[in-house]
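Notes follow the structure.
Throughout, read-outs are computed from the coordinates displayed, never taken from laboratory work. Every value quoted in this text rests on a predicted model; they were computed, and no experiment measured them. Note: ideal-geometry Cβ built from the backbone for every residue, glycine included; neighbour counts use all protein chains shown.
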Amino acid sequence: MDANIPSIHPHPWLEEDVAALEATKNFAEIGEIVKNVALRLPHKVAMISGPMTSGGKGSNAENLAAYQRAMEYVRSRGHFVFDQLPGERALKKHWHAWNAAQTVQPPGYCWELLPGVYGPIFESGQIKTIFFMPDWKSSKGSAWEHEMAEKLGIERVYIPLNWE
């Protein structure tokens, strides 16, 4: 761990941020809020990439639980992990609205979510490392994040298979 980084992990989410998320009208507005929260941190941070809605354990609840365990795993190894989960409720709200508006059923993958929500934070330069969960390849979003990390020069680290 970098000696210049404080030993206490700051929690940058304020009540105003959560309220602003509730008022968002699209994925890009979520992305701006998430970016601004991350930019409040005094140093660059890590993020976790793993299945949430596609791939992984087969359900959003199980994927979310595994994701939270992965955040703790990475934190326990001395890394400061940006917690993007406060944005999940707003993200799901817009995803459900997008899904309902699709004329083809079942709808395809909501590709606009990724550059709208995650593009701004990746492009901000605040994310130093992305830790990929072992089943990241089963997730369309994680595959996009992997590609973006490579394109933007963000370090990619792979959590080992036997991490849990």
Name the residues in region 51-107 that are free of Cβ contacts under 8 Å to residues at least 24 places away in the same chain and either of a type in the set (Gly, Ala, Ser) or touching a Pro at 6+ places or on another chain (Cβ under 6 Å) (or both), would you?
Gly58, Ser59, Ala61, Asn63, Ala65, Ser76, Ala97, Asn99, Ala100, Ala101
Selection count where residues are surrounded by fewer than 21 Cβ atoms within 10 Å (Cβ to Cβ), of a type outside the set (A, V, I, L, M, F, W, C) and closer than 21 Å to Arg156 by Cβ, scope region 21-50:
3
Filter region 133-151 down to the residues that are under 13 Å from the mean Cα position of the chain (by Cα) and outside any helix (DSSP H, G or I), then identify the one that is farthest from Phe27 (Cα to Cα).
Met133
So, in region 44-66, of the ones that are in a helix (DSSP H, G or I) and of a type in the set (Gly, Ala, Ser), which residue ends up farthest from Gln126 (Cα to Cα)?
Ala61
Within region 67-113, how many residues turn out to be in a loop (DSSP other than H, G, I, E, B) and of a type in the set (Val, Ile, Thr)?
2
Count of residues meeting criterion [touching a strand residue (DSSP E or B) at 6+ places or on another chain (Cβ under 9 Å) and of a type outside the set (S, T, N, Q)] in region 34-82:
19
Looking at Ile121, Ile130, Ile154, can you tell me which residue is in contact (Cβ under 8 Å) with a residue 40 or more places away in the chain, buried (at least 19 other Cβ atoms within 10 Å of the Cβ) and farther than 17 Å from Phe27 by Cα?
Ile130
